[in-house]
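The values are calculated or read from the model by the stated rules, or taken from the named source; none is laboratory data. Treat the numbers as computed from the prediction; the structure is a model and nothing was measured. FYI the Cβ positions are ideal-geometry reconstructions off the backbone, even for glycines, and counts take in every protein chain you see.
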Amino acid sequence: MLKLRIWGVRGSIPCPGKNTVIYGGNTSCLEIRADKKIVIIDFGTGIKPFGDWLMANDFKNGPIDADIFITHTHWDHIMGFPMFTPLFIPTSRLRIRGPVSYEDETLEQIIGSQLTYRYWPVRISELSARIEYAQIKETSLDLGDGLWVTTKYLNHPILCLGYRFEYKGKSIVTAYDNEPFRNLFPTDPADPGYDEDAAREGEAAAQEENEKLLNFFQGADILIHDTQYTAKEYAAHLGWGHTSFEYAINNANRAGVKKLVLFHHDPNRTDEELGKLERAYRRQVSGKTNMQVIAAREGLELEA
């Protein structure tokens, strides 16, 4: 059985308060279970309640053993790391994988730099768990017990990976902190920088990358996709590395996705606003597709 549970839904920064009680205010953290196998995606602030839950439930049945995948190293996706309780338990076995961009530091150094006295009272050398780090690119990995993961580069200002987990014929895909690929070359012949060949090649390259993403999503039982903006909002945030609700819904439908989870909510989006958007987009797709459209909320559980 392949299952998803959501522990953090927000992008950019945690936003607790009276206006985020229903959908949640923690930054991104996902739990995937392939039967008894534990997979975690991102160390956003949602990792704190998840770590506490693991200690209260899984730990009584034996040591915590988990594969952890970081989408990218922007702070909202790693800031919960110092508060993940299993890090301080000697019997924990944690395999942390993720991409690193142009920096000289390793994945361990980037994540672990939060555990220095200038930021935090506990140092990385004080962690007790057995932790393995691996920097990954586009690849496919056998995680054991029939669980596979395939990675895909996304379009974000820093190197970022989407993940496709497959287990016993079921699949869960993540694609957040992702923006549609677009032609970066001038396409107006009146533009002083216009070059016909460059414009044509740029358009072809963007279309090719967007088609690769559609193939990556193809037939997914669950797709967790970035929807930080409405289409109108997105037009004012080109290049920020996020997607509109409309684009995500359209692409998921084209790819034959069964359940689309709207994710990486803008920190300024209130429960009331998210509820209205969720209902509006459900009405738009009603009768046109069998795909379910669900706004991510903390505690949401779905089975692939």
query: Just one of the numbered conditions (1) assigned to a loop (DSSP other than H, G, I, E, B); (2) surrounded by fewer than 16 Cβ atoms within 10 Å (Cβ to Cβ) is not true of SER12; which one?
result: (2)
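Filter region 48-68 for residues that are touching a helix residue (DSSP H, G or I) at 6+ places or on another chain (Cβ under 7 Å) and within 18 Å of GLU298 (Cα to Cα); which is surrounded by the most Cβ atoms within 10 Å (Cβ to Cβ)?
Taking the candidates together, the pick is GLY51.
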- prompt: Can you find a residue in region 36-55 that is over 27 Å from ASP142 (Cβ atoms) and either β-branched (Val, Ile, Thr) or in contact with a Leu (Cβ under 7 Å, 6 or more places away or on another chain) (or both)?
  reply: yes
query: Inside region 250-304, can you point out the residues that are closer than 15 Å to VAL173 by Cβ and assigned to a helix (DSSP H, G or I)?
result: ASN251, ALA252, ASN253, ARG254
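Output the residues belonging to region 31-65 that are more than 21 Å from GLN114 (Cα to Cα) and in a strand (DSSP E or B).
Filtering region 31-65 for residues more than 21 Å from GLN114 (Cα to Cα) gives 31-39, 53-65.
Matches in region 31-65: GLU31, ILE32, ARG33, ALA34, LYS37, ILE38, VAL39, ASP65.
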- request: Among the numbered conditions (1) closer than 29 Å to PRO180 by Cα; (2) out of contact with any helix residue (DSSP H, G or I) (no Cβ under 9 Å at 6 or more places or on another chain); (3) small (Gly, Ala, Ser), tell me where GLY44 comes up short.
  value: (2)
statement: If we ask which residues in region 211-249 are aliphatic (A, V, I, L, M), outside any loop (DSSP other than H, G, I, E, B) and closer than 15 Å to ILE294 by Cα, their number turns out to be 5
field: Any chance VAL293 is crowded, with 18+ Cβ neighbours inside 10 Å and either among the basic types (Lys, Arg) or touching a helix residue (DSSP H, G or I) at 6+ places or on another chain (Cβ under 7 Å) (or both)
entry: yes
query: Which of the residues spanning region 66-108 are hydrophobic (A, V, I, L, M, F, W, C), part of a loop (DSSP other than H, G, I, E, B) and modelled with pLDDT under 95?
result: VAL100
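Residue-by-condition table, conditions (1) over 30 Å from THR106 (Cα atoms); (2) at pLDDT 95 or above:
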site: HIS156; (1), (2): no, yes
site: LEU159; (1), (2): no, no
site: ILE172; (1), (2): no, yes
site: PHE181; (1), (2): no, no
site: ALA190; (1), (2): yes, no
site: ASP195; (1), (2): yes, no
site: ALA204; (1), (2): yes, no
site: PHE216; (1), (2): no, yes
site: ALA220; (1), (2): yes, yes
query: Would a scan of region 251-259 turn up a residue that is crowded, with 19+ Cβ neighbours inside 10 Å and β-branched (Val, Ile, Thr)?
result: yes
